[in-house]
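Working notes, beginning with the structure itself.
Rule-based calculations on the coordinates, nothing more; no lab input. All of these numbers come straight from a predicted model, not from anything done at the bench. Glycine gets a Cβ as well: all are built from the backbone with ideal geometry, and neighbour counts include every protein chain shown.
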Amino acid sequence: MIGSPMPPPCSADAPVMVDAAGWRAAGAALAAGADAALAAGQRVLVAVWAAPDDAGTRVHLATRRADGGDLAVIALRAEDGSYPSIGRHHPGAILMERALQDASGLRAEGLPDPRPWLDHERDFAFLPAEGEGLHRIPVGPIHAGTIEPGHFRFTVNGETIVRLEARLGYTHKGTLGLMRGTTPDAASRLAGRVSGDSTVAYAWAFARAVEAARELAVPRRASALRGVMAELERLANHAGDFGAICNDAGFPLINAHAGALRETILRQAEACFGHRLMMDRIVPGGVAADLAPASAASLRAELPSWLARFERLVDLYGKTASLQDRVVGAGRLAPDLARRLGCGGYVGRAAGQDFDARRNAPYPPYDRRMPDIPVLASGDVDARARIRSAEIRASVALIGDLLGDLMGDLAAGDIRAPLPESEAEAFGCALVEGFRGDVFAAVRLRGAVVADAFLRDPSWFLWPALEAVIEGNIVADFPLCNKSFNAAYSGCDL
Amino acid sequence: MRRTLFESLHRGTLTEPAPPRDAETAALVAELDRAALRRLGRSLAIRAVDAGSCNGCELEIIALGNVLYDLERFGLKLVASPRHADVLLVTGPMTRNMSAATRLAYEAMPAPKFVVAVGDCGRDGGVFAASPHCLGGTAAVLPVTLTIPGCPPAPAALLRGLIGLLG
């Protein structure tokens, strides 16, 4: 796959309309790949969503090749308020279809778990767990720490967790509905607020979907700047979470240093791009903020010290037996389950899933500057922490290379191309590797407005995995496992 | 580990001085119930509640705990239970799905108690104000004492606002 030519972008031709039989066949084809090793050319689930159209509602299924990023989207006109469920064939689709049902009013025929997800007005019952000596611990939606809201229902036998069920939807803001009928620029601001920690990744994914729909080429300087922002976002999140994982294992020393490093990175982001989280800096057509030569030089000069500070922490992490005792073997995700659920990002790569959109679905600037992609097989908290530390090294190197380009052959040039004016209806989609995994965006433009859009967080595939890996662990290890996954709440609640 | 600890001892502190007061915060603080705040003294226990934010505000509230801002040196402490809290720090556009839990958290707090609305979303719903799934900011559900706007507000802005509460 590495070095293969760039796949054709998801274009205005998509989605391909299919009938119910074609839809069912696409769903069943996903399931075949879930059981055995994925054959070359096998397609895996990217997203399933519904959008209103002139004659009612359409459901969409986005897939990609297992080892590649060539997105394909099919659509089915939902007759009589229902459509055949994809989750029936593929467990990774179940949560998305529960949300789809609530958001669109459609019924997913044959969905194994049809309980509401976003709609909290309707009756809801947690899955049962029966047996002698079991009791339940309800947690949330407000948690003890400063994190997003969601409800966790633990069923435990003594200290051992027998079943965990996560119930989300508390931060449902109707973001996709707000995007309909607005301009791409206004919708981009909303996309950047689906999950604040991934604001760069979301704005980039949405911008690329718009650019695919309008077949707009982005200036190369803008693409390099997008890359710098995305890698800074990855660095800041990985540094902060690496510390937080150690903190949840009762080792605050690393957290104190990692928190200071994260702050250093965010201050550089503000100095370079005018916003600590770099919100609204990526816009359809390019970027909204250029990088001054002095800021580029200052950022480049600081990179080695960031890495040196971080390596000290990784060294300490590996040498501290009490910390290793907590993280090694805890919350182990088997590679087979990771594949069945479609886990991406550091969760997937810590469990043998060798996929990273920057390499497997390359987009500028990664077509020229490709990072090292680490993969481990053990799937435990330790593996997830080590994937993050390897990605920190890769991102630091990548930022250095991109800054070299920005101060070299890309030192001058446009940073934004205007969207071509068109009355035509056009569809586009894109996959962007955020810090947490691949973010998928799809958009349908009608003239100068967004007719509808969809944004799929990597966390849709992480929550079911977290529920599965926590079985058999003790309650006290849940915060540790949860932090090592760091699945998004708002990202799924939309 | 010894090396890291030893170096930390000798390097001196990373913690930065308190942010200077600005006129904007001073004006906001002037309207507070001074008598109630005096009863709470020089320390406030804060319970943060995410009422539907994108998590941007949470990232900056968490940053208040890092060694550069070191929230606790001002007598400000994030607590786990609303029953221990003097201040409810509320982020997000107040989604319908979080409104009941947020109200319960407020009701669980002992009086006197204060509500601080954080971020543009906490102020008025921000970019989500028009959504039928949001009530449009903290004030839609709770009496707000202080608003710290921003998307998200930087830790320094949060710190200025919270220190202002101490008088």
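Note on chain A: with charges restricted to the Cβ of Lys and Arg (+1) and Asp and Glu (-1), its dipole about the Cα centre is near 600 debye.
Note that the range A:178-493 shows a convex hull volume over its alpha carbon atoms of 111 Å³ per residue. Computed over the range A:116-187, relative contact order equals 26 percent, with contacts defined as Cα pairs under 8 Å that lie 6+ residues apart. Legend: calculated FRET efficiency, A:Ala334 to B:Arg34, from the Cβ-Cβ distance at R0 = 51 Å, rounded to 0.05, equals 0.30. One quarter of the surface of the convex hull around the alpha-carbon atoms of the range A:403-454 equals 5.4 nm², the direction-averaged projected area. Other residues lying with their Cβ under 12 Å from the Cβ of A:Arg115 contribute a combined charge of -3, Lys and Arg counting +1, Asp and Glu -1.
Each distinct pair of alpha carbons in the range A:72-164 adds a 1/r term; the inverse of their mean, the Kirkwood radius, is 15.6 Å. Of the residues A:Leu134, A:Asn482, A:Leu337, the one whose Cα sits farthest toward the positive end of the charge dipole of chain A, with +1 on the Cβ of Lys and Arg and -1 on the Cβ of Asp and Glu, is A:Asn482.
Size descriptors for the range A:346-494 (Cα atoms only): Rg and Dmax, in that order, 18.9, 58 Å. For the residue pairs A:Lys319/B:Lys77; A:Lys319/A:Lys483; A:Lys483/B:Lys113, alpha carbon separations beyond 24 Å are given by A:Lys319/B:Lys77; A:Lys483/B:Lys113. Calculated [222 nm] ellipticity per residue, helices only, for chain B: -10500 deg cm²/dmol; basis is -39500 (n - 2.57) per DSSP H run with n ≥ 4, divided by all residues, nearest 500. Name the residue, out of B:Gly125, B:Gly92, B:Gly41, whose mean-square fluctuation peaks in a Gaussian network model built on chain B with Cα pairs under 10 Å. Highest fluctuation among the options: B:Gly41. Considering chain B as a Gaussian network with a 10 Å cut-off on Cα pairs, which listed residue, B:Ala45, B:Ala80, B:Ala139, attains the greatest mean-square fluctuation? Comparing B:Ala45, B:Ala80, B:Ala139 in the GNM, the peak value goes to B:Ala80.
When the alpha carbon gyration tensor of the range B:66-144 is reduced to an equivalent ellipsoid, the three semi-axes, largest first, read 24, 16, 9 Å. For the range A:16-109, the equivalent ellipsoid built from the Cα gyration tensor has semi-axes of 23, 13, 11 Å, listed from largest to smallest.
Using the Cβ of A:Gly250 as centre and a radius below 11 Å, the other residues enclosed give a net charge of -1, where K and R count +1 and D and E count -1. About its Cα centre, the range A:380-447 has a charge dipole of approximately 320 debye under the convention of +1 per Lys or Arg Cβ and -1 per Asp or Glu Cβ, with nothing else charged.
Dipole of the range A:16-109 computed with +1 at Lys/Arg Cβ and -1 at Asp/Glu Cβ about the Cα centre; of A:Met96, A:Ala108, A:Ala51, farthest Cα towards the positive end is A:Met96. Take the Kirkwood radius over Cα pairs of chain B, plug it into Stokes-Einstein at 20 °C and 1.002 mPa s, and you get 130 µm²/s for translational diffusion. When the protein assembly as shown is described by a simple charge dipole with +1 on each Lys and Arg Cβ and -1 on each Asp and Glu Cβ, the residue from B:Ala100, B:Leu9, A:Pro293 located farthest towards its positive end is B:Leu9. Binning the alpha carbon pair distances of the protein assembly as shown at 10 angstrom intervals from zero yields the distribution 3, 16, 27, 29, 18, 6, 1, 0, expressed in whole percent. Each residue, A:Glu270 and A:Phe126, gets one label point 7 Å from its Cα in the Cβ direction; the gap between the two is 4.0 nm.
Remark: A:Thr183, B:Thr145, B:Thr91 ranked as A:Thr183, B:Thr145, B:Thr91, counting other beta-carbon atoms within 10 Å and listing the fewest first.
Each Lys and Arg contributes +1 and each Asp and Glu -1, all at the Cβ; summed about the Cα centre of the range A:16-109, the dipole is approximately 200 debye. Please work out the C-alpha center-to-center distance from the range A:100-143 to the range A:437-477 and express it in whole Å. Each part's Cα centre sits 17 Å from the other's.
When each full DSSP H helix of chain A is screened for a Cα extent of at least 30 Å along its own axis and an average Kyte-Doolittle hydropathy of at least -0.5, the helices passing are A:220-248, A:252-273, A:293-319, A:381-407. Approximating the spin labels as points 7 Å out from Cα along Cα→Cβ, the B:His10-to-A:Lys319 distance works out to 1.5 nm. For chain A, excluding the exposed loop sites themselves (GluC sites (Glu not before Pro), DSSP loop, at most 16 other Cβ atoms within 10 Å), the longest remaining stretch covers A:216-420. Sorted from longest to shortest, the spans of the Cα atoms of the range B:70-116 along the three principal axes equal 36, 21, 16 Å.
When only Cα pairs below 8 angstrom with a gap of at least 6 residues are kept, chain B shows a relative contact order of 26 percent. Using the Cβ of A:Ala222 as centre and a radius below 10 Å, the other residues enclosed give a net charge of +2, where K and R count +1 and D and E count -1. Sorted fewest first by neighbouring Cβ atoms within 10 angstrom, A:Val59, A:Val396, A:Val347 come out as A:Val396, A:Val59, A:Val347.
Here the contact order of chain A, divided by its residue count and restricted to Cα pairs under 8 Å and six or more residues apart, works out to 20 percent.
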